[in-house]
């Protein structure tokens, strides 16, 4: 998989003096289970308060499509995308929830959050 | 687009001694994406506690219709409407949530809030 | 419209030593818009903690029916019913939410609350 | 109606060292309105944190069936069942919500709670 | 029933420096009522913040299947699974909610939680 | 149980020259299981095309309340009410569907129909 | 109540050579029960295939508002509106379904239809 | 698995002169996949018109519970239960629909029907 | 508004020997009411069986966007789009349903269909 | 993409003397748009009456996964899968409905059917 910094684009937050929230829902996320080689499907919900930088939506879509043929576990894919968004956006607050469809009658959601005010 | 002050009408809050909440849901908002020229569609939810001034609903509808052929990004249209409501209503509290329909499998909600008691 | 004190009946709270909550939902509220003369429709939700007095449900229904041919704005009807309930019940807590059906593609909810412990 | 102590059975909480929550939903509650003689219908939701004693479900069902032909007001039936559960279970926390079906276009929910930690 | 330690597998949390949440929903849980011998059915929802250890999903499924022909009460099965997860995962936070289907018109949910920060 | 002819009232169909349909939904039906003595609960849906006679709704409610303490099986109660409506209304078409709530994880609906044009 | 012919307006069907269907849903219908004097509430659904004439929507709204303080039974109001629409529109097909909100735990829908091809 | 004739009980249809329909929904069906040894879960819907014989519900529940530890494919279990009901009830019409929960992201429903009038 | 033939593109049906159905749902349709100048909003559902020609989706979107600032009545816009699709696709079957959002508490759906086999 | 005959497995229908229906829902289908290179997502619903042959579910899943990186139009993928199922199963009846998620605010469903009795 390519370097996310080469795919993800950002733009300058036009309202840096204000705390506001952007929620992005991506119900078409898919990757591959590294154990079974079978595809996984899930919905990613990204909720963040921008500081100086916002993520550009089309480049976000392309970045997430990069996992389409990648073998990676639920916990890892969620934390990896979280790390990339933290590094590129340096947001005041960020939450990433990844809800995967059922496998063997069991469904899983992994949620990672950051709040700079709570540090 | 015309000056919002020429379109939006207000009336005097008849119950200024009381904190109460007015929620207005506008599911028929539409503007134009400045990148692609394609129309955007969304639902605006305005929730505010009036101080001395309330917004008149018919003029609000006409003001929002003014974005129909305007090219403007999600983040900007939400913050601009928020600024106009802040300036004209000077409310005790105001929240504006703009939920846009999916594009490329991704949907976005921008939420801006103000609470004068928290200043 | 008649004096609400002549219509609304109350009964003595049998459990004054206990804080408890009564929620009453009235989805068949209708009044008239004083601007256009057109009927308005809404759902009233009354939530209160009684002190010494409870409202009798049948008389409440008759009181609310008194607005059927009354010309009155959303904000005013909500605050007026709230004032009458405050005066007659003197409740420990009271919340009145009035959710009106869409007009011109826009729907409105007005919510008024009181908490005697927060005074 | 018989003495609830002769009907309701309890068993010893096997996990007294732990705070946990048991929620019981009874959508088939029915009693009789003492004013009109007409049957009332509702859903009872009992949520409690046991201390030393839990309620046995089959005996609870039989106890609630005892109201089937009893004439009793909404507020009274809710508070009476609450009192019986408090006396027999002496729970750390208890909430009883009784949601009755619409009468004359109006529906009512009565909610009573207790939290021993807040005493 | 076999020793859960022989069935449940765990793996090392790759992100121990971060507080994050894993929610696992198992709608196909079934055991047997020890009173009547009749099968019970329920949905288990496990929500935890891992410390050093995560539960492997396939082994969790097999562990839960072990209750299929086990006679055990609602309260006991919930607390027993909670104890096993606490012992094997030593999580920072854990909540287990077990929602059982209606019996005799009554449905029951048992919820157990732990928060190491609140100890 | 009293004779239904003493309870049920009818009125003359004002539009006998026209085929039209009246659907009546009664979600608060309750009777008693003759095997276990336990109460049963269900929703009755009556759909008919009147010929010369319509059923009066308040008397229908009272008639159905007469089963409240009656021990009777699902199939029998549905067919008995159907027979009474056939005899008293002599409708052009009649369908009675009785949907009972789950018992032992199983729910049952009994449906009886008549179409005089198909005789 | 005024003559409906003085209120209802029609316009010429621009596509008389084609069979097509217009469905109009009016969820804000209200009249008065002639027995009790209490307001009734319902949703009218008008489905028709125009021949030479269509009904104008604003005049339809005003015509239906004319029943607001009229005492009239469910069956009669449905058949009367049906007759007026038949007389003024002479449609190829017409169906009117009037679904009223619950009274005494019972809700009623009256449906009248006409199909000129079936005469 | 025992002989179904030793478990299933029937009773005589009290209304053999009338065509009517009994629908039974069993959402708690479970068997075992003969390939993987993993449990399967599904909802059975039985819809039949009795001739001389009706199925007793409690014995039906016990009969279906007999598949709990039986290894059997979706198509086979559906057809086998259908055959047993046909043989024991000899109904005028019978439909059995078995809807199984998702496995590997795929869910399956098998439906078998019989109509003696169509033979 | 431009000539639809200059905007709409088609492509050759690759399976002309087979009857199959394409359903296209467009929930973001908007035009303008010629009476009031106010925007209308609706959902178009196009269902057709192609003969030799299919409609290209992106050009369909652009064609429908051409109504954005067009003043046109519900009945006319539905029939006009239907005529254009009939002329350009010459489909074996075509149905167009246009469901508009409520105005004055009333919502309207216009449905036009064609079946060449029924001519 | 590999030859489907090398992936899809079938098994012999155990009940060839009976007409019955198997419905298979696959909500995790994904392919690639040949115009834009962007992934498409959809739900396939396969409904068939087997003659001598049934499709094995795991091999069906693998066959559908083969489209994951295939560039193919909606109409073509639906018809191609239909052709393969027809050839391999030779079913008495077959329907394949493919419902794709929205693109540019427009969603599409393609449905192909076969009924050997209607030939």
In a Gaussian network model of chain B with springs linking alpha carbons closer than 10 Å, the residue among B:82, B:73, B:29 that fluctuates most is B:73
Treating region D:78-117 as a set of equal point scatterers at the Cα positions, no solvent, please give the Debye-formula log₁₀ I(q)/I(0) at q = 0.23, 0.30, 0.34 Å⁻¹. -0.72, -0.99, -1.13
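Nearest 5 percent is fine: what portion of the DSSP beta bridges confined to the protein assembly as shown is antiparallel?
Antiparallel bridges make up about 95 percent of those DSSP assigns within the protein assembly as shown.
Averaged across B:74-80, how many Cβ atoms of other chains sit within 10 Å of each residue's Cβ atom?
Working: counts 3, 8, 2, 0, 3, 5, 2.
Neighbouring Cβ atoms belonging to other protein chains average 3 per residue here.
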Fewest to most Cβ atoms within 10 Å: A:88, C:35 sort as C:35, A:88
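Rounded, prolate or oblate: which one fits region G:35-75, using the alpha carbon gyration tensor with axes a ≥ b ≥ c (rounded when a/c is under 1.5, else prolate when a/b beats b/c, else oblate)? Don't skip to the answer; put the middle values down first.
Details: a/c = 3.16, a/b = 2.16, b/c = 1.47.
Prolate shape, in that a/c is at least 1.5 and a/b is the bigger ratio.
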Summarise the partner chain shielding of A:20-30 as one whole number: the mean count of Cβ atoms from other chains within 10 Å of each residue's Cβ. 6
To confirm my reading of the symmetry, which residue of chain I has the Cβ nearest the axis that brings I onto G, and what whole-Å distance does it have? I:118, 14
Peptide-level mean, for B:45-56, of C-beta atoms on other protein chains within 10 Å: 1
Quick calc: nm separation of the 7 Å Cα→Cβ label points for residue I:115 and residue E:12 -> 6.8
With chain A treated as a Gaussian network of Cα nodes joined by springs under 10 Å, which of A:49, A:78, A:108 yields the largest mean-square fluctuation? A:108
Could you work out, for chain B, what percent of all Cα-Cα pairs fall into each 5 Å distance bin, beginning at 0 Å and stopping at the bin that holds the largest distance? 2, 11, 21, 24, 19, 11, 7, 3, 1, 0
Give me the distance between the Cα centres of region D:21-100 and region B:71-119, rounded to whole Å. 45
GNM on chain H, Cα springs under 10 Å; top mean-square fluctuation among H:71, H:42, H:105 goes to H:105
When DSSP beta bridges are limited to those with both residues in chain B, what percentage is antiparallel, rounded to the nearest 5? 95
Could you state the orientation-averaged shadow area of the convex hull built on the Cα atoms of the protein assembly as shown, in nm² to one decimal? 48.0
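Only the coordinates and a few stated rules stand behind these numbers; no lab work does. Remember, predicted model here, so these are calculated numbers, not experimental data. Neighbour counts are summed over all protein chains in view; Cβ atoms, including those assigned to glycine, are modelled from backbone coordinates with ideal geometry.
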